[in-house]
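Working notes, beginning with the structure itself.
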Amino acid sequence: MTEAAFPGVGRHDNIGAMEPLSPEEIARYHRHILLPEIGGAGQQKLKAARVLVIGAGGLGAPVLQYLAAAGIGTLGIVDDDRVSLSNLQRQVIHDSGTIGELKTESAAFAIAKLNPHVRLIRFEERFSPEAARRQLSGFDLLIDGSDNFDTRYAAADAAEEARIPLVSGAVGRFDGSLTVLKPYETAEDGTSNPRYRDLFPEAPPAGLIPACAEAGIIGALTGVIGTMMAMEAIKLVTGTGEPLVGRLLLYDALSARFDTIRYKRRRTTERQVG
């Protein structure tokens, strides 16, 4: 774990539960504060929030940028990869000058320039079942922008065990999807909220779903889905609106069409996680 050494960046355990906003922050977030649904109290919740983001790639880039701009107090980044030229078509938090750098480092520099009030914690490693508890310690929301099912299942299990919300997104070619998971809570009808395995009981066979490096992907698609993932995170932190719990949002970029599928807890997923 590396704590980014940038102006305004400190340790996440020094954040007060509800730190007051400075005059500079009030000016910076004025458009948020004007919204009755957010207001000053909501902006303070954003400042107090601790959000861990898996991946500083196509989805993680807009997630990190918009959450930093929104005033999330502490952002954690989990990624062990380095910036390559082929990333820049969609991973817009990086630039030509950061090719070869660790993505966590490149993203941290970009965030520091965007908003010096954000504290950064970097994990230059993969998110895994073995490391999940340590990586999640101190965070109250997990966002999964990974590109493989092993990490998605690990993220879902870890978030449930930690009893924190998970925002999960995925993209491929011209299609994207996202959902919010809170399986440790119950729905209005008293039933348990669904798990990730209620959507995907098992990972597809290896090679069935080609990676972006093989099938290609339109860069702007990651911006669409990543920005919506950031929006769901802001809703969860501030208690505004209705998060996508029990709903899978699908986006078809070629037809400019959104669809929503509802899903519920299955009996087969009733098990202990951890």
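Tabulated data
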item: The stretch 33-63, subset among the aliphatic types (A, V, I, L, M) and farther than 20 Å from GLY239 by Cα, residue surrounded by the fewest Cβ atoms within 10 Å (Cβ to Cβ); result: ALA61
item: Qualifying residue in the stretch 154-161 (condition: in a helix (DSSP H, G or I), touching a Gly at 6+ places or on another chain (Cβ under 6 Å) and modelled with pLDDT of 95 or more); result: yes
item: Qualifying positions in the stretch 64-83 - crowded, with 24+ Cβ neighbours inside 10 Å and closer than 11 Å to GLY226 by Cβ; result: LEU64, LEU67
item: Odd one out for GLY190, checked against (1) part of a strand (DSSP E or B); (2) over 24 Å from THR104 (Cβ atoms); result: (1)
item: Count of the stretch 105-120 residues which are hydrophobic (A, V, I, L, M, F, W, C) and either closer than 16 Å to ILE54 by Cα or at pLDDT below 95 (or both); result: 4
item: Checklist (1) in a helix (DSSP H, G or I); (2) in contact (Cβ under 8 Å) with a residue 24 or more places away in the chain applied to LYS113, failing item; result: (2)
item: Set LEU85, LEU136, LEU102: member being modelled with pLDDT of 95 or more and either closer than 30 Å to HIS32 by Cβ or touching a Leu at 6+ places or on another chain (Cβ under 8 Å) (or both); result: LEU136
item: Test: residue in the stretch 121-134 that is under 14 Å from the mean Cα position of the chain (by Cα) and not in a helix (DSSP H, G or I); result: yes
item: Failed condition for ILE121, given (1) closer than 14 Å to ASP80 by Cβ; (2) surrounded by 15 or more Cβ atoms within 10 Å (Cβ to Cβ); (3) not aromatic (Phe, Trp, Tyr); result: (1)
item: Exclusive hit being part of a helix (DSSP H, G or I) and either at pLDDT below 95 or out of contact with any Phe, Trp or Tyr (no Cβ under 6 Å at 6 or more places or on another chain) (or both), set GLY58, GLY10, GLY16, GLY40; result: GLY40
item: Residues satisfying the stated conditions in the stretch 57-105, i.e. within 11 Å of the chain's Cα centre (by Cα) and among the hydrophobic types (A, V, I, L, M, F, W, C); result: LEU59, ALA61, VAL63, LEU64, LEU67, LEU75, ILE77, VAL78
item: Qualifying residues in the stretch 146-165 (those that are within 19 Å of ALA49 (Cα to Cα) and in contact with a Pro (Cβ under 9 Å, 6 or more places away or on another chain)) - the one surrounded by the fewest Cβ atoms within 10 Å (Cβ to Cβ); result: GLU160
item: Selection status of GLN91, in contact with a helix residue (DSSP H, G or I) (Cβ under 7 Å, 6 or more places away or on another chain) and assigned to a loop (DSSP other than H, G, I, E, B); result: yes
item: Evaluation of TYR66 against (1) under 21 Å from GLU232 (Cβ atoms); (2) not in a helix (DSSP H, G or I) (one fails), failing number; result: (2)
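The values are calculated or read from the model by the stated rules, or taken from the named source; none is laboratory data. Model, not experiment: these values are computed from the prediction. Using ideal geometry, Cβ is built from the backbone for each residue, glycine included, and neighbour counts are taken over all protein chains shown.
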